[in-house]
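The block underneath contains the structure these notes are about, expressed in structure tokens.
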Amino acid sequence: MQRSARFWVCGILSMATALAFFAATLYVSIRYLAKPHGFMDWMVQLTGATIAGFIGFFLMWGHWQSPVGGQEVPPAATGESGQVSNTPASR
């Protein structure tokens, strides 16, 4: 199956956003909240950064999704000239 350019742009930008959220959250958490001293401290910091990364990924990924499921305007809603008709059936 061949993927569109939109699919690749969406994936790359979403992953870049996730990595940026992960790095920023980890930096801010270690720098301003608490420096990790043990294993559990590191796990808490990394878990929080991972959750922030997931949130960033899905925010960007959702931004690139088509509001009508990737489909064009249905043919019944357009007139012969290609313009949207104003009849009650097309609303």
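The values are calculated or read from the model by the stated rules, or taken from the named source; none is laboratory data. Since we're looking at a predicted model, the values are computed, not measured. A quick note on method: Cβ atoms are made from the backbone with ideal geometry, for glycine too, and the neighbour counts reach across all protein chains shown. Protein only, heavy atoms only, side chains kept; ligands, DNA and RNA dropped before computing areas. Shrake-Rupley method; radii C 1.70, N 1.55, O 1.52, S 1.80 Å.
For the range 12-35, taking the residues that are without any contact (Cβ under 8 Å) to a residue 40 or more places away in the chain and surrounded by 15 or more Cβ atoms within 10 Å (Cβ to Cβ), the one that is farthest from W64 (Cα to Cα) is identified as I30. One residue stands out in the range 62-91 among those that are surrounded by 11 or more Cβ atoms within 10 Å (Cβ to Cβ) and over 13 Å from the mean Cα position of the chain (by Cα): the one that is modelled with the lowest pLDDT, namely S90. Could you tell me whether L59 is under 12 Å from the mean Cα position of the chain (by Cα) and open to solvent by 50 Å² or more (accessible area, probe 1.4 Å)? Yes; evaluated as a whole, the condition is true for this residue. Within the range 2-11, is even one residue small (G, A, S), within 14 Å of W61 (Cβ to Cβ) and open to solvent by less than 70 Å² (accessible area, probe 1.4 Å)? Yes; the residues of the range 2-11 include at least one that is small (G, A, S), within 14 Å of W61 (Cβ to Cβ) and open to solvent by less than 70 Å² (accessible area, probe 1.4 Å).
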